[in-house]
Amino acid sequence: MSLHGKVLFITGASRGIGKAIALRAARDGAWVAIAAKTADPNPRLPGTIFSAAKEIEQAGGRALPIQCDIREEAQVRSALKQTVDHFGKIDIVINNASAIHLASTEATDVKRYDLMHSINGRGTWMVSKFALEHLKKSANPHILNISPPLSMDAKWFSPFPAYTIAKYNMSLCVLGMAGELRSQGIAVNALWPLTMIETAALKIADKANAGERKSRTPEIMADAAHSILTRPAGEFSGNFCLDELLLRKDGVTDFEKYNNTPGAALEDLSPDFFLDDGQLEELDALREAQAAQAQAQAKAKL
């Protein structure tokens, strides 16, 4: 299936995972509203709404750059209105914008706590809320949050409680809204990476491990998002998807193309936070089954 002619409203799409999702959709001929704060170049965080718009159009889509701080209600309302005024509709909302601060409770100041919660949880909820009137008119409406499975294990909370709580708020939006909106035909799902994804934000947040980190590129998340967004909304909602697991279920077996460190073995890749044990077990079984199938096919050709 294709996203041709679909209108995507993506927060934080000036760089990283958000931009990668936009570019994947653009290759289908999608129309993308880039709702992000960065309008002027920043040497620490490359990419602006305007540079992203240019790339989207070069990839085959249409783009609308909108400077928007999702903490501000008026700006969110205005950005959604601009999108509908320009493209005529909104079919898909992707809540990608997020703030990260990996620190203990004592080392997290209140201002940083407020920033994470106002963007991650409140911003996601508010964008979704004000987009609903437009999504109800779509033939296949989706909300996709870039947020983790709700794994209630202390090991995910204890290293950096403030960030974990803020990120899980995005996932709680999925849990609640999927149930709330199912009868209205609006799908609400979450997508999360198995491994660290090499983005400018990660380089800043995790400087200490930069030399040891074996990560993947944002394109794996883009391909997984495309798989979700092209499914019938009435048949796929309330899911907490893991990128590699989802793609393997789709039949994808070549993951080397996503490696930021070429040649890195699967077992050597740096795992992301908040991974669910059940999903990891399912992924391991699928990897083994696909490897065995590949070996059998190779022998059959001899």
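The values are calculated or read from the model by the stated rules, or taken from the named source; none is laboratory data. Bear in mind the structure is a predicted one, so any value in this text is a computation, not a measurement. With ideal geometry, Cβ positions are generated from the backbone for all residues, glycine too; neighbour counts draw on all protein chains shown. Protein only, heavy atoms only, side chains kept; ligands, DNA and RNA dropped before computing areas. Shrake-Rupley method; radii C 1.70, N 1.55, O 1.52, S 1.80 Å.
A few notes on this one:
- Region 235-302 and region 157-196: distance between their alpha carbon centers, rounded to Å: 22
- Cα→Cβ-extended label distance, 7 Å offset, between Glu219 and Leu172, nm: 3.8
- Lys/Arg +1, Asp/Glu -1 at C-beta; the chain dipole; positive extreme among Trp125, Pro41, Thr217: Pro41
- In this structure, Glu73 and His4 have a Cβ-Cβ separation that, at R0 = 41 Å, corresponds to a calculated FRET efficiency of about 0.80.
- Residues whose placed amide H lies under 5 Å from that of Gly47, excluding near-sequence neighbours: Asn42
- Per residue, the average separation of C-alpha pairs within less than 8 Å and at least 6 apart gives the chain a relative contact order of 17 percent.
- A cut-off of 5 Å between modelled amide H atoms, ignoring neighbours fewer than 5 places along the same chain, links Ala33 with Leu8, Phe9, Ile10, Leu64.
- Its convex hull of Cα atoms gives region 105-261 a direction-averaged projected area, equal to a quarter of the hull surface, of 10.4 nm².
- Magnitude of the charge dipole for the chain, about its Cα centre and with charges confined to Cβ atoms of Lys, Arg (+1) and Asp, Glu (-1), is about 840 debye.
- Of the accessible area of region 60-200, computed with a 1.4 Å probe over protein heavy atoms only, carbon and sulfur atoms account for 53 percent.
- Length available on full extension from Lys299 to Asp85: 0.36 nm per residue minus the Cα-Cα distance, which gives 71.2 nm.
- Solvent-accessible area per residue for region 56-138 (1.4 angstrom probe, square angstrom): 50
- Dipole magnitude of region 147-302, debye to nearest 20 (Cβ charges: Lys/Arg +1, Asp/Glu -1, about Cα centre): 260
- Restriction of the trypsin sites (Lys or Arg not before Pro) in region 96-153 to DSSP coil positions whose beta-carbon has at most 14 other beta-carbons within 10 angstrom yields Lys136, Lys137.
- As computed over region 57-151, the Cα convex hull volume per residue (Å³): 141
- Taking 7 Å steps out from each Cα toward its Cβ at Arg182 and Glu212 produces label points 4.3 nm apart.
- Cα Rg, Dmax (largest Cα-Cα span) when computed across the chain, Å: 18.9, 65
- When each full DSSP H helix of the chain is screened for a Cα extent of at least 20 Å along its own axis and an average Kyte-Doolittle hydropathy of at least 0.5, the helices passing are 161-181.
- The lysine pair count for region 113-243, using Cα distances under 19 Å and pairs eight or more places apart or on different chains, is 5.
- Residue separation of Ala103 and Asp284 scaled by 0.36 nm, minus their Cα-Cα distance, works out to 62.1 nm of gained length.
- In this label model, Arg27 and Lys155 are separated by 3.5 nm, measuring between points 7 Å along each Cα→Cβ vector.
- Under-5 Å amide H pairs with Ala103, H placed in peptide plane, nonlocal only: Tyr163
- Charge dipole (region 232-302, unit charges on Cβ, about Cα centre) - positive-most of Leu280, Ala233, Leu302: Leu302
- Computed over region 60-192, relative contact order equals 29 percent, with contacts defined as Cα pairs under 8 Å that lie 6+ residues apart.
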